[in-house]
Amino acid sequence: MLILSKTAGVFSKPARRKTYEFLRIFNFHSGKPFLHKLVLGIETSCDDTAAAVVDETGNVLGEAIHSQTEVHLKTGGIVPSVAQQLHRENIQRIVQEALSSSKVCPSELSAVATTIKPGLALSLGVGLSFSLHLVDQLKKPFIPIHHMEAHALTIRLLNKVDFPFLVLLISGGHCLLALVRGVSDFLLLGKSLDIAPGDMLDKVARRLSLIKHPECSTMSGGKAIEHLAKQGNKLHFDIKPPMQRAKNCDFSFSGLQHVVDRIITQKEKEEGIQKGEILASAAHIAAAVQHATACHIAKRTHRAILFCKQRRLLSPSNAVLVVSGGVASNLYIRKALEIVTNATECTLLCPPPRLCTDNGIMIAWNGIERLRAGVGVLHNTEGIRYEPKCPLGVDVSEEVGEAAIKVPRLKMDI
Ligand code: KG4
Ligand code: ZN
């Protein structure tokens with residue numbers, strides 16, 4: 001009470017609205033005032049235009065998203081210039097919607113955080129130039145965000161997860177295993193040497209023409225594979241997980257895609273159907289490719305856990321594995337990972353699906369994390385550029401390979 005009246009005293013002169021604004025951004029907690037940080041996050045690295053306002057306690061005050069998935073499904077993949085145009089058409093509205101629904105006045109923001117790396121150049125450019133104009137107008141600090149760092153830290157908005165923890169990011173554009181030691185302190189343990197698992201599943205789904213399947217026509221490729229796999233028998237085709245001999249934590253999915261491609265061509269001949277028609281064996285193929293994908297991801301993750309434990313990089317009693325990205329919403333893959341975390345006595349955490357896929361909340365939250373840690377908060381944006389390619393953290397994948405850890409065989413009874 002004393003603090004309230006003192007504060008009111010200090011702000012007795014300015015207009016009432018100003019005082020009200022001031023009071024709104026202060027929290028009176030256990031008698032001590034603390035500045036409530038508010039960050040606007042903006043994401044345009046790929047095919048989602050997203051924005052959100054998040055406070056430092058993890059409250060999502062407002063959010064908005066425009067997904068381009070439907071447009072890109074029709075063209076059979078993302079056309080960068082189309083993505084750019086759609087970001088341009090939607091960014092102003094999306095940011096406005098996030099701000100209006102948050103009831104936060106732009107002047108109350110502590111900073112604007114925006115994805116500037118990695119991603120599609122044309123898409124990143126739209127978010128960056130919009131944000132630079134915005135911070136210039138509002139005279140607010142700017143926090144450039146690494147998209148993968150944001151995915152990795154999202155879990156801390158929801159759960160109390162201390163550093164260090166292990167993160168597996170699997171989506172249409174990403175595939176990596178990293179140890180998160182701090183807000184911007186990552187050890188990269190492994191990554192895909194070619195395409196990401198979501199990209200592979202999308203290609204398989206396209207090759208199977210699942211968009212014409214009545215049950216899957218509106219689903220992303222990965223979701224369609226998961227859906228159809230439930231009706232199939234994974235043992236019908238013998239598809240081996242890739243890289244079984246390589247004792248590292250890297251991934252590869254393009255070989256798997258080609259194997260499946262050959263199976264589909266063969267089956268089309270056998271079933272006497274044309275490319276573009278739905279195979280009778282489509283569900284068996286979906287089940288087999290999903291199983292091989294799950295086993296591959298599980299094995300690399302298992303090795304990463306063993307490596308971290310061996311080097312005492314993770315707490316022996318409280319090791320946490322966080323799994324995120326669009327592919328993390330696949331329940332079959334999650335079950336495979338559960339088998340691994342049960343065997344290694346780790347805790348498995350996954351953000352809910354809407355926070356696993358690209359969104360503005362994770363960018364705003366990454367801004368909060370950076371503000372709190374005091375890292376990468378810019379008051380001068382001169383020379384800021386987007387970076388389509390940008391590795392995450394320090395790459396120790398060679399060291400992981402040299403350790404050549406043999407992973408005990410686990411029964412993948414999923
Ligand atoms: O994280 P995200 O929205 O975007 C990026 O790629 O960054 O992930 C989209 C990817 C797509 O490849 C999609 O096919 C895949 O995630 N995906 C799934 C599932 N839902 C989405 N893959 C497997 N199983 C799912 N249930
Ligand atoms: Zn992403």
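The values are calculated or read from the model by the stated rules, or taken from the named source; none is laboratory data. Not measured: the values here are computed from a predicted model. Note that each Cβ is placed from the backbone with ideal geometry, even for glycine, and that neighbours are counted across all protein chains shown.
Just to be sure before I move on: is Ile339 part of a loop (DSSP other than H, G, I, E, B), surrounded by fewer than 23 Cβ atoms within 10 Å (Cβ to Cβ), at pLDDT 95 or above and away from ligand 1 (no atom under 16 Å from the Cβ) in the structure I sent? For Ile339, the condition - part of a loop (DSSP other than H, G, I, E, B), surrounded by fewer than 23 Cβ atoms within 10 Å (Cβ to Cβ), at pLDDT 95 or above and away from ligand 1 (no atom under 16 Å from the Cβ) - is not met. Would you say Ala280 is in the same structural domain as Leu201 (by the TED database) and either touching a residue at least 60 places away in the same chain (Cβ under 8 Å) or under 15 Å from Met200 (Cβ atoms) (or both)? No: the conditions fail for Ala280. Residues that are of a type in the set (D, E, K, R) and within 15 Å of ligand 1 (Cβ to nearest atom) were ranked within the stretch 44-62; the one that is surrounded by the fewest Cβ atoms within 10 Å (Cβ to Cβ) is Asp48. Among the numbered conditions (1) outside the structural domain of Lys191 (by the TED database); (2) surrounded by fewer than 14 Cβ atoms within 10 Å (Cβ to Cβ); (3) more than 16 Å from ligand 2 (Cβ to nearest atom), the only one that Lys389 does not meet is (3).
Restricted to the stretch 38-87, and to residues there that are of a type in the set (D, E, K, R) and farther than 21 Å from His146 by Cα, the residue that is nearest to ligand 2 (Cβ to nearest atom) is Glu70.
A single member of Val327, Val289, Val322 is within 16 Å of ligand 1 (Cβ to nearest atom) and outside any helix (DSSP H, G or I), and it is Val322. Contact map, the stretch 130-153: residues that are assigned by the TED database to the domain that holds Leu176 paired with residues that are charged (D, E, K, R) and more than 16 Å from ligand 2 (Cβ to nearest atom), Cβ distance under 6 Å, separation 6+ or inter-chain. No pairs are found. Restricted to helices (runs of 4 or more DSSP H) entirely inside the stretch 1-81, those with at least 1 residues that are modelled with pLDDT of 50 or more are 69-75. Every residue in the stretch 354-381 that is free of Cβ contacts under 8 Å to residues at least 60 places away in the same chain, more than 16 Å from ligand 1 (Cβ to nearest atom) and either closer than 16 Å to Val135 by Cβ or in a helix (DSSP H, G or I) (or both), please. Correct list: Asn380 only.
Residue pairs whose Cβ atoms lie under 6 Å apart, separated by 6 or more positions or on different chains, with the first residue in the stretch 163-185 and outside the structural domain of Asp47 (by the TED database) and surrounded by fewer than 24 Cβ atoms within 10 Å (Cβ to Cβ) and the second modelled with pLDDT of 95 or more and of a type in the set (Asp, Glu), are Val183/Glu369.
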